[in-house]
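The numbers here are math on the coordinates, done by the rules we state, and not lab data. This structure is a prediction, so every number in the text was calculated from the model and none was measured. Every residue, glycine as well, gets a Cβ built from its backbone with ideal geometry; the counts of neighbours run over all protein chains shown.
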Amino acid sequence: MTGTVDGAALRIEGLWKSFGQLEVLRGIDLEVAEHEVIALIGASGSGKSTLLRCINLIEPIDAGRITIEGEEITARGIKVDRIRRRIGIVFQAFNLFPHMNVIDNVTLAPRKVLGQSKAVAERDAEALLERFGLADKARDYPDRLSGGQQQRVAIVRALAMQPDLLLLDEVTSALDPELVAEVLNVIRELAAGGMTMLIATHEMGFARDIASRVCFLDGGRILEQGPPAQIFSAPREARTRQFLNRIIEAGRL
Amino acid sequence: MFGTLAFVVVSSPGWPRFQASFLNAELFWEALPKVVAKFWVNVQLFLISEVLILVFGLVLAVLRSLPGPVFFPLRLLATVYVDVFRALPGLLVIFMLGFGVPALRIEGVPKDPFVWAVVALTLLYSAYVSEVYRAGIESVHPSQEAAARSLGLSRWQGLRYVVLPQAVRRVIPPLLNDFIGLQKDTVLVSTIGLVEVFRQTQVLQAANFNFTPYLATALVFLVVTIPLARLTDWLLRREKERRVGGVMRASLPQPGERGVGGAM
Ligand SMILES: Nc1ncnc2c1ncn2[C@@H]1O[C@H](COP(=O)(O)OP(=O)(O)OP(=O)(O)O)[C@@H](O)[C@H]1O
Ligand SMILES: [Mg+2]
């Protein structure tokens, strides 16, 4: 695979996860090198969100190991709060804090978790907001913002913790089509800046554009993976071809 | 309709007697300052209990919303507490504390009925108020806590900075409702020998063989309680408008600025 054993930003070995009777993840193995951008594709219900939530330790796993830069985060007795600081996650539904304005949304964790002073946290937050075209929104409350702006704030909020790894779960699915581009551009910029990312997405064009590697999830496993050119033009597996054909029929590629 | 009713009352055979023993103007003006003076005791009772209730009720609510088997004993304890104190008639609790505890004559335990009145009202109302808080906590979508935790905030920090501020803001109107009840229930403690407004009124009534002092007391309660009821209604309406129209954002306080105590 791409990363060396020690240099891997993220390594997942034999990850199993079920909800009751439903086995959602059935032995996931994945190794992500630093600066890699992985696109997770697969049918609805194939477990993309579950995988991201397991990596962020929101969901407890049933079996397997997850390692971040050599440290096993699924080990017993590990402090989950300390791990989550290093992993940013952005959800489909933004999940901004509605009772706080933008700047407070962004600075809450740096201040309370990292212990930064208000002045320092706000200075960094303003720089980030500026970089993503949100400088004039710092004092607005989330419900004042468009969906695209809210999602960009959510990304900035995750970035403010300076995570080693960013997980994006269908961050454009809840957006009107005309707002999708602004969010995708932000992610492009992050990729160009070297951020290691795992992106669950239904935007195949975007995945082809931005990903260094595409992973196709099916039946709780990564059935096929490879560079986007290969996956999208010459998929080896019949299931992958089927999935992509359906997408093409739906006009999403 | 109202006029007819008034006519029926005024022309009733008992009216002159009633007027004399319930609507004596001279006595009214004599009683009013005395009643108001003792009402101050009720106000103190109310204010001190209210602060304690807000804190204790919140503690109970937080205990009851702790997840997982580790916290089961605490959850159970809080649940039993709330069930018991909501089931007991208030007067009974006031009696047991106001008469029972001082009767034990334990060294260092205060005998002052004011203290036991505050304790009794706090114990009783905290059970109700914790339920209000709990409804508020549960009304905050779990994705909010997930978002907080995913940023590295601890469970306590997520509760403190993300869940509780939203929960408390939503339950301010029902909380005010409970406090209107508390304000009125302060007269219950007259039964354990605390000379407050109701006891004072009874004394005046007995001394004059006239019920007019009750009218003065009723008026005092109306003057204090009705504005509180109006405020509650106004807050409810504003909350509804905010949800519907997305207005009023500018008036939202900054995070951390408004704790629970400041919510009232
Ligand atoms: N908390 C949960 N409890 C029970 N079942 C769940 C839970 N979360 C997810 N599932 C189930 O697990 C399966 C995988 O869900 P997941 O959300 O990971 O899929 P997904 O690939 O992200 O799908 P989508 O593309 O629709 O977002 C689904 O069948 C879903 O119903
Ligand atoms: Mg999903």
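Quick rundown of the values:
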| item | result |
| --- | --- |
| Shape box of chain A [Cα atoms, principal axes, largest first, Å] | 53, 46, 35 |
| Relative compactness, the range A:31-132, computed as alpha-carbon Rg over 2.2 N^0.38 Å | 1.26 |
| Rounded FRET efficiency, nearest 0.05, which uses the C-beta distance separating B:W15 from A:A135 and R0 of 51 Å | 0.10 |
| Distance (nanometres) between label positions extended 7 Å along Cα→Cβ at B:E241 and A:L22 | 4.3 |
| Protection proxy ranking, peptides A:214-227, A:110-123, average beta carbon neighbours within 10 Å, highest first | A:214-227, A:110-123 |
| Cα-based helix-to-principal-axis angle, B:72-87 vs chain B, degrees rounded to 10 | 20 |
| Mean separation of Cα contacts under 8 Å (6+ apart) over length of the range B:24-244, as relative contact order % | 32 |
| Once the Cα gyration tensor of the range B:85-212 is diagonalised, semi-axes √(5λ) in Å | 41, 19, 10 |
| Karplus (6.51, -1.76, 1.60) ³J(HN,Hα), θ = phi - 60°, over the range A:176-182, in Hz, Gly and Pro reported as x | 5, x, 6, 9, 5, 4, 4 |
| Reachable lysines from A:K17, criterion Cα separation under 28 angstrom, eight or more residues apart if same chain | A:K48, A:K79 |
| Translational D in µm²/s for the range B:24-244 (Stokes-Einstein at 25 °C, 0.890 mPa s, Kirkwood Rh from C-alpha pairs) | 125 |
| Along each principal axis, Cα extent of the protein assembly as shown, largest first, Å | 103, 56, 46 |
| Of B:A117, B:L164, B:S154, farthest towards positive along the dipole that unit charges on Lys, Arg, Asp, Glu beta carbons give the range B:109-173 | B:S154 |
| Principal axis dimensions, largest first and in whole angstrom, of the range B:89-153 by Cα | 54, 26, 15 |
| Extension gain, B:Q44 back to B:E107 (0.36 nm per residue minus Cα-Cα distance, nm) | 20.0 nm |
| Most mobile listed residue (A:R84, A:R144, A:R157) in chain A, GNM with C-alpha springs under 10 Å | A:R144 |
| Proximal aspartates and glutamates to B:K240, defined as alpha-carbon separation beneath 16 angstrom and excluding residues fewer than eight positions away on the same chain | A:D143 |
| For the range A:48-174: relative contact order, % (alpha-carbon pairs under 8 angstrom, 6 or more apart) | 36 |
| Candidate aspartates and glutamates - alpha carbon under 17 Å from B:K184, same-chain residues fewer than 8 apart omitted | B:E50, B:E196 |
| Segments B:19-27, B:152-160 sorted - mean Cβ within 10 Å per residue, highest first | B:152-160, B:19-27 |
